[in-house]
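The values are calculated or read from the model by the stated rules, or taken from the named source; none is laboratory data. The structure presented is a predicted model; accordingly, all values stated were derived computationally and were not measured. All Cβ positions, even for glycine, are placed from backbone atoms using ideal geometry, and neighbour counts span all protein chains on display. Calculation scope for accessible area: heavy atoms of the full protein, side chains included, ligands and nucleic acids excluded. Shrake-Rupley method; radii C 1.70, N 1.55, O 1.52, S 1.80 Å.
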Amino acid sequence: MSKQELIALTKELLQEENLENRTRDLQLLRREYKFLNGRDEESYFEQEETNKFIALFNELAKKEPKLLLSPYDEKKNIIAEARKLLDKKEVLVANKELDKLSDDFRKVGRCSTKEQDDELWQEFREAKDQFFAKKRAYFEELAKSNAEKREKKEAIIEKAKAVIEIDNMKEANEQMNNLRKEWKEVGYSGKGDEYLWKEFAKVLDEFQDKKKERHREMLKLFEERANKKEDLIKKAKQLLADSEFTDEEVAKVRKMRDDFRNIGFAGKEKEDDLYNKFEAVIKQYFEEMKFYK
């Protein structure tokens, strides 16, 4: 490649934002720089062209500092970076970084001697082997942890099935909410986690269906109780209208109070209103009784 072509290529690379895909061109420029830098046996015109190239090359080196490193030094740096990966906690992230370092190591090119290349490759391979040993240990531990998590989730599913059989809905709902929290705390369990979630979701859906059915039953029961209390209020009003305040009648009114209470809760929407209406009638009955006894 002529010096004019080297100058044109260097100018082109100076305009590039990212030089990752121009490794071969960078290697070429480095070789030519090493060959031309410091040469004295050139004509004035040739030296001028050489100086232009060297100036441009040095400008490019500010953008890509590795250009000034020898292949030996650059590979040494890559090996040092590979060794640092052993201290990284994020093994999967570190694995991607090692893949890039391997690619960079290959792209650097040859050192000045075969002995250097062999020495550095051995060092890099040892660093990679150490990382791969850590990676294997990581996945072995991960597999063990995931197996334990799956066992916990299977146990939670069984507990959830038992909760469905609990008759006390308040207690059942509290236990099911606790199981949901436990499930979330266990975390992702690896392969098979989606299947376990579907199984747990089925139990949760079944529990929700039971809650809805129990709610419908409760509303129906509240309605029945409210109707019974309405009937008692009507009877109490009739007694008040026809009151004679005999001992038998007074006993009957008192029993109506017990009957009203024994009917049970009629729902928060109606209970207070029904109670107030009933008590107003009973209170009036006993107020009027004072004038007769």
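Here are a few things to note about the model shown:
- In this view, the solvent-accessible surface of M256, computed with a 1.4 Å probe and all protein chains in place, comes to about 10 Å².
- Within the stretch 83-112, backbone nitrogen closer than 17 Å to the virtual label 7 Å beyond the Cα of D193 toward Cβ: 90-93
- In the set [x] 1, 5, 12, 16, 19, 18, 14, 9, 4, 1, 0; [y] 1, 5, 10, 13, 16, 16, 13, 8, 5, 3, 2, 2, 2, 2, 1, 1, 0, 0, 0; [z] 1, 4, 8, 7, 6, 6, 5, 5, 5, 5, 5, 4, 4, 4, 4, 3, 3, 3, 3, 3, 3, 3, 2, 2, 1, 1, 0, 0, 0, the label that goes with P(r) over Cα pairs in 5 Å bins from 0, in percent computed for this structure is [z].
- Note on the stretch 40-79: with neighbouring protein chains present and a 1.4 Å probe, carbon and sulfur make up 55 percent of its accessible heavy-atom surface.
- The modelled label-to-label distance between M1 and E271, using points 7 Å beyond Cα along the C-beta direction, is 8.8 nm.
- Probe 1.4 Å - accessible area at D103, Å² to nearest ten: 50 Å²
- Using only side-chain charges placed at the Cβ, +1 for Lys and Arg and -1 for Asp and Glu, the dipole size of the stretch 94-222 relative to its Cα centre rounds to 580 debye.
- All aspartates and glutamates inside 20 Å of K161 as judged from Cα atoms, apart from same-chain residues fewer than 8 positions distant: E151, E171, E174, E182, E185, D193, E194, E199, D205, E206, D209, E213
- Per-residue Karplus couplings for the stretch 120-127, computed as 6.51 cos²θ - 1.76 cosθ + 1.60 with θ equal to phi - 60°, are listed in order as 6, 5, 4, 5, 5, 5, 5, 5 Hz, Gly and Pro entered as x.
- Cross-link partners of K11 among aspartates and glutamates (Cα-Cα below 18 Å; sequence separation of 8 or more within a chain): E20, D25, E32, E48, E49, E59, E64
- Measuring r between the beta carbons of S112 and E90 and using R0 = 45 Å, the FRET efficiency lands at 0.75.
- What the chain shows is 68 Å² of accessible area per residue, with the surface traced by a 1.4 Å probe over protein heavy atoms.
- Folded to 0 to 90 degrees: helix 169-186 orientation relative to the chain principal axis, Cα: 10 degrees
- Centroid-to-centroid separation of the stretch 91-113 and the stretch 202-234 [C-alpha atoms, Å]: 69 Å
- Where S2, S112 fall by accessible area, highest first, once all protein chains stay in place (1.4 Å): S112, S2
- With Cα atoms, 0 to 90° folded angle of helix 271-289 axis to the chain main axis: 20 degrees
- Once all protein chains are placed together, T50 keeps about 0 Å² accessible to a 1.4 angstrom probe.
- The H on the amide N of E64, modeled in the peptide plane, is under 5 Å from the matching H of no residue at least 5 residues off or on a different chain.
- Proximal lysines to K89, defined as alpha-carbon separation beneath 27 angstrom and excluding residues fewer than eight positions away on the same chain: K75, K76, K100, K128, K134, K135, K144, K149, K152, K153, K184, K191
- Euclidean distance of C-alpha centroids, the stretch 116-133 and the stretch 19-38, integer Å: 26 Å
- Across the stretch 6-18, computed HN-Hα scalar couplings (Karplus, 6.51 cos²θ - 1.76 cosθ + 1.60, θ = phi - 60°) run 4, 5, 5, 5, 5, 4, 4, 5, 5, 8, 6, 7, 10 Hz from first to last residue, x flagging Gly and Pro.
- Between helix 23-36 and the chain: long-axis angle, C-alpha atoms, 0 to 90°, nearest 10: 30 degrees
- Computed FRET value (nearest 0.05) for E119 with S43, which takes r as the C-beta separation and R₀ as 35 Å: 0.30
- Leading residue at positive end of dipole, the chain (Cβ point charges), from T50, Q208, Q284: Q284
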